[in-house]
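Read through the structure below, which is laid out as structure tokens, and then see the notes.
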Amino acid sequence: MDFRDKIVIVTGASSGIGWVTAEAFARRGAVVVAVARREKQLQALIEGCRQHSPRSIYIAGDLGRREFAERIIDQTIESFGRIDVLVNNAAISKHKQIYHLSVEEAERVISVNFLSCVWTSFAAIPHMLRQDEAAIVNVSSFAGLVVAPREAIYGASKAAMSAFTEGLWSDLEGSGIHAALVIPGAIDTEIWDKLDEPAAFKGKKTPPEDVAEAIVEVVEQKRYEVIVPRRKLDLLAARLLRLFAPVLLRMGMRRMDPVPAEIVSKARERAERGKRLGDLGEG
Ligand SMILES: NC(=O)c1ccc[n+]([C@@H]2O[C@H](COP(=O)([O-])OP(=O)(O)OC[C@H]3O[C@@H](n4cnc5c(N)ncnc54)[C@H](OP(=O)(O)O)[C@@H]3O)[C@@H](O)[C@H]2O)c1
């Protein structure tokens, strides 16, 4: 795909992977529609994008709300008449012991990380069908393939996104709309500063530019799936264990970040006082 004057929506563009992805498309001449909640960051991003692609815009709002997710698509169509690439990248982390997580927090993660990509895709597909070609790229996570401790809900949101994308890829056959999945491992972005509880992972993180490159590549080359980093022994080992020795993988995960006995006993005490999960109050 020649990206000049193509209309590319990037959600979660106010930082990290989304930011560098928006820049990567703008540098190729694409008109970027950058989406996130933090308006100041979006303004700064779009200022930079406009040096390459003067028609680029941002739309600020909360993707945890279906009305906003649909509005992004409507507004893009009103402004530009088409959508060539939709990159669903926005997400929030949720790294917490299940005892500390409320059902409301869990629902919020599913809405922002998974349902938002369903809402934007459902709204975008009818418009994309009127064009010769288009692409939907969903940015999932390795946590959707191998779920680490404290990642039950985050992992579930990403596994759902991966399954949804696989289904889209099949169902969109013959439509000219290409569905693709980019699966980042540990990437060096501010998402790591937003974790609720400390991460057990202490390894090296990959620059977000590598993910942006993969996002551009899956569109350009109509590839279905890219894992970033591409050649990493521990990710490969985890995938092989998942396939051939899932028990070993789960045991390894438990050992990597064991649940302290104190956490379970405190959760039991709260349960005996009739508390719901996530209610850590003293009363
Ligand atoms: N970094 C990693 O190690 C890693 C690993 C695997 C997968 N990923 C995935 O990569 C994607 C990008 O993450 P990142 O690492 O670049 O993290 P990030 O810097 O924290 O970016 C997350 C983006 O999502 C936006 N966002 C969050 N909640 C939103 C909401 N309710 N409405 C609209 N936008 C919202 C944030 O902007 P606002 O706060 O301004 O709304 C931000 O722009 C995510 O899907 C993440 O799950 C990252």
Q. How large is ³J(HN,Hα), in whole Hz, for each residue of the stretch 145-156 in order, when computed from phi with the Karplus curve 6.51 cos²θ - 1.76 cosθ + 1.60 and θ = phi - 60°, using x for Gly and Pro?
A. 9, 10, 8, 7, x, 6, 10, 4, 7, 4, x, 5
(Q) Positive end of the dipole of the chain, charges at C-beta (+1 Lys, Arg; -1 Asp, Glu), about the Cα centre: which of Q75, L145, L241 has its Cα farthest in that direction? (A) L241
**Q.** All lysines inside 25 Å of K205 as judged from Cα atoms, apart from same-chain residues fewer than 8 positions distant
**A.** K94, K96, K158, K194, K232
(Q) I want the local charge near R239. Using Cβ-Cβ distances under 13 Å, sum +1 for each Lys or Arg and -1 for each Asp or Glu among the other residues. (A) +2
Q) For the chain, what is the calculated [θ] at 222 nm in deg cm²/dmol (nearest 500), taking -39500 (n - 2.57) for each run of four or more DSSP H residues and dividing by its residue count? A) -14000 deg cm²/dmol
Q) Using the beta-carbon distance between R268 and R71 and R0 = 41 Å, what value does 1/(1 + (r/R0)^6) give for FRET efficiency, to the nearest 0.05? A) 0.35
Q. Taking the mean number of other Cβ atoms within 10 Å as a proxy for protection, how do you rank 253-264, 225-236 from highest to lowest?
A. 225-236, 253-264
Q.
Normalised by the empirical 2.2 N^0.38 Å for globular proteins, what value does the Cα Rg of the stretch 16-150 take?
A. 1.12
Q. Can you give the net charge of the other residues whose Cβ lies under 15 Å from the Cβ of W119, counting K and R as +1 and D and E as -1?
A. -1
(Q) Just to confirm my numbers, what's the Cα centroid distance between the stretch 149-177 and the stretch 39-91 in Å? (A) 22
**Q.** For the stretch 125-132, 3J(HN,Hα) per residue [Karplus equation, 6.51 cos²θ - 1.76 cosθ + 1.60, θ = phi - 60°, Hz, x = Gly/Pro]
**A.** 4, x, 5, 5, 5, 7, 10, 6
Q: Please list, in chain and number order, the residues 5+ apart from A179 or on another chain whose amide H is under 5 Å from its amide H, with Hs placed from the backbone.
A: I136
Q) With axes computed from alpha carbons, what is the tilt in degrees of helix 208-220 against the longest principal axis of the chain, rounded to the nearest 10 within 0 to 90? A) 50
Q) Once label points are set 7 Å from the Cα along Cα→Cβ at both K205 and D2, what is their separation, rounded to one decimal in nm? A) 3.9
Q: Starting from the Cα of D196, step 7 Å toward the Cβ, then list every residue of the stretch 133-168 with an amide N under 11 Å from that point.
A: 150-154
Q) If you average 1/r over all unlike Cα pairs in the chain and invert the result, what Kirkwood radius do you get in angstrom? A) 19.7
Q | Backbone HN-Hα couplings from phi across the stretch 100-113 [Karplus 6.51/-1.76/1.60, Hz, Gly and Pro as x] | A | 9, 9, 8, 5, 5, 4, 4, 5, 5, 4, 5, 5, 5, 7
**Q.** Dipole in debye (nearest 20) - the chain, about Cα centre, beta carbon charges: Lys, Arg +1; Asp, Glu -1
**A.** 720
Q. Could you give the distance between the Cα centres of the stretch 117-147 and the stretch 230-257, to the whole Å?
A. 28
Q: Note down the net charge around R27, summing +1 for each Lys or Arg and -1 for each Asp or Glu among other residues with Cβ under 15 Å from its Cβ.
A: -3
Q: Taking 7 Å along the Cα-to-C-beta vector as the label spot, tell me the D234-R50 distance in nanometres, rounded to one decimal.
A: 4.2
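Taken together, the values in this text are just the output of simple stated rules run on the coordinates, not laboratory data. Note that the coordinates shown come from a computational prediction; the quantities given were computed from them, not determined experimentally. Cβ sites come from the backbone with ideal geometry, for glycine too, and all protein chains shown count toward neighbours.
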